[in-house]
Structure formats: structure tokens, C-alpha cells
Amino acid sequence: MKVSLASLLLAALTLAACDSKTATTGESATSKATVGAADSLVTDPALAKTSGTQATATDEANATPAPDPKTIPAGKATDAAGILARPQVPILCYHQIRDWTARDSKGAKDYIVPIAAFKAQMKMLADSGYHTVSPDQLYAYMTTGAKLPSKPIMLTFDDTDLDQFTVARPTLEQYGYKAMYFVMTVSLGRPHYMTKAMVKQLSDEGNVIGSHTWDHHNVKKYQGKDWETQIDKPTKTLEEITGKKINYFAYPFGLWNTQAFPELKKRGFVAAFSLAEKRDQQDPLFTIRRIIASGYWSPKTLRNNIVQSF
């Protein structure tokens, strides 16, 4: 199951043509104009301490949680133009964290980050003074301009792979980092994937769980009962596992259409995450950009891509 599902996801990701290495044309102009601001997005001076792993861990542990997004009065939220005008917070997307094998294709290695490479990437982020932010913090920043820690970044993991728990989780803990895990529920408990207990543990430890469909079916193709099968039932499962409301969604393959927005909203989602494609100009909260952290990237290359893409 692991091999065939991974192959399916990678093939579809390739067809999606989401370029994780550079921003799209419409976003790159904004990125270049705000590179200088990227390290200090509406920052809180109290959190702007020296860089380095110890300072990062201390700041992450002492960070003030953002309010539940649904408690923010609608009258205080800015419009789409206001959201698009704010510098983007860098968001990284990871899939598998494991060493490459002889069976892995050249294309697959973009989505498989070797263990040592992942650890080096996280150390670079910490040593560079990056602070992880939660989706609630991101939402409050985007909608109200709420303050963020210095050099904010968001880490996300898609598809429920076991190594996200066994490798990524302890690595992030070294730096006091928290992450967002977009869970595909069809895989729960299967070999090489996380169990329900692991998902609950991640949530209990302060990470955020998001919905990522039942079996990674393309949102652009949903018809009839697909919304129930792919969104309603999996989201309910995650809420039962975590005991928490699921507020955030990630599109399989990063693919979306505007018809999905009202469907997601009426199901209680407040934001949705895509990949490197340009954001929707009328509804940027439902097309929040991420870049895939490639397995080929050195820490330096990752840092350069963060700056260039956001």
C-alpha cells in the first residue's frame, strides 16, 4: 500500500506542476518587494531575541497562543486587498522524512527529505533565528495584523507518514518548534503511517491537526457525495481523535478551484492551504501558499528559497 500510494501521490504532484522552487510570477513581484520585511513581519520586540537554537527554543516555549480564529469579530478582519498587502509568512511543506532508496525515482526525491538533510534544515532555521507560528497565529496576523515573533515560519506535514512522528517530531522538539499536520485518514493505522494515538499525541503536545481528505482525492473533481466522503467524515474522525475543532484544510496536490471555497466555509473551515501557485485575489485565506521543501536542498538552498519565494 505504501509504495503504490506514494507513487500515486507523486505522479499527481508532478501533473499538478506546482513549482516548489520559485514563486509564481504574480507572487514573485510581491516577494521581491518585501524581502527586507520578511524577517520582521509586524514583529513583537519582546520576542526579537538573539538567533540560535537556545534562544529559539526559549521563544517558542514562551510564545503567546493566538485566539481561536472564530473569536475574532468579523468587523476587525481586513478585506482581501488588506490580506494580500501584508508580507507573506514563509510556509514549508514536507511529506516523507526518510533516506532515499534504490527504488526512489529522481522526481520522487523532491518529496522525500533524507533524515540527515531534514535535521540540518531544522538546525539552519533555528540558528538563523526563525520561530515557528501556529495556523491560529497566522490567521490572526493575516486578518487583523496581529503581531508575530521575529522571523516567523510555519512548518507543515502532509499525508500522515509515520516518519513525521518518529523523525520529524523529536527533531522539532529540540528547538521548541511546533508544526501543522494535515492528516489523510484512509492511512491511519496502516503500515508506515501514523496511528490515531500518534495523531492525538501530536495534538496534545501543542501541534495543530488539519484535514487533508480521506484518500487524497483531487478537490477540483468533487461531485455529489464526494464532499461527505472526502471532507465531512474525515474531519469528524480527526475531531473525535483530537477532541478539538478542525479549522484548517490542505488541498491534495495543492489543487483548488473557487467552487471549493463556499463548500469549505460552510463546513467550518476558516482557511485552506495550497502550494506554490498564485493566491486567489478575492479569497487569499483559502489559497494560502506553501513551498515543498525538496529532498535535494541543502540548508543554504532552503534558506534562499524561503527568501525568494516569500
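The values are calculated or read from the model by the stated rules, or taken from the named source; none is laboratory data. These numbers were taken from a predicted model, which means no experiment stands behind them. Positions of Cβ are backbone-derived with ideal geometry, glycine not excepted, and every protein chain shown enters the neighbour counts.
List of remarks:
- Looking across the range 140-159, the residues that are in contact with a helix residue (DSSP H, G or I) (Cβ under 8 Å, 6 or more places away or on another chain) and in a strand (DSSP E or B) come down to 148, 152, 153, 154, 155, 157.
- Selection of the range 248-267 for residues being among the aliphatic types (A, V, I, L, M) and touching a strand residue (DSSP E or B) at 6+ places or on another chain (Cβ under 9 Å) yields 250, 260, 264.
- Within the range 282-310, the set of residues being part of a loop (DSSP other than H, G, I, E, B) and touching a Ser or Thr at 6+ places or on another chain (Cβ under 9 Å) comprises 282, 283, 287, 289, 290, 293, 294, 310.
Yes/no per residue for (1) farther than 29 Å from residue 84 by Cβ; (2) assigned to a loop (DSSP other than H, G, I, E, B); (3) of a type in the set (Asp, Glu):
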site: 103; (1), (2), (3): yes, yes, no
site: 109; (1), (2), (3): yes, no, no
site: 116; (1), (2), (3): yes, no, no
site: 138; (1), (2), (3): no, no, no
site: 169; (1), (2), (3): yes, no, no
site: 177; (1), (2), (3): no, yes, no
site: 182; (1), (2), (3): no, no, no
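- Inside the range 234-292, residues that are within 24 Å of residue 196 (Cα to Cα), surrounded by 15 or more Cβ atoms within 10 Å (Cβ to Cβ) and acidic (Asp, Glu) make up a count of 1.
Condition check ((1) among the hydroxyl-bearing types (Ser, Thr, Tyr); (2) under 18 Å from residue 134 (Cα atoms)) across all residues:
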site: 271; (1), (2): no, yes
site: 278; (1), (2): no, no
site: 286; (1), (2): no, yes
site: 296; (1), (2): yes, no
site: 299; (1), (2): no, no
site: 302; (1), (2): no, no
site: 306; (1), (2): no, yes
site: 309; (1), (2): yes, no
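- Selection status of residue 221, closer than 23 Å to residue 140 by Cβ and either at pLDDT 95 or above or buried (at least 18 other Cβ atoms within 10 Å of the Cβ) (or both): no
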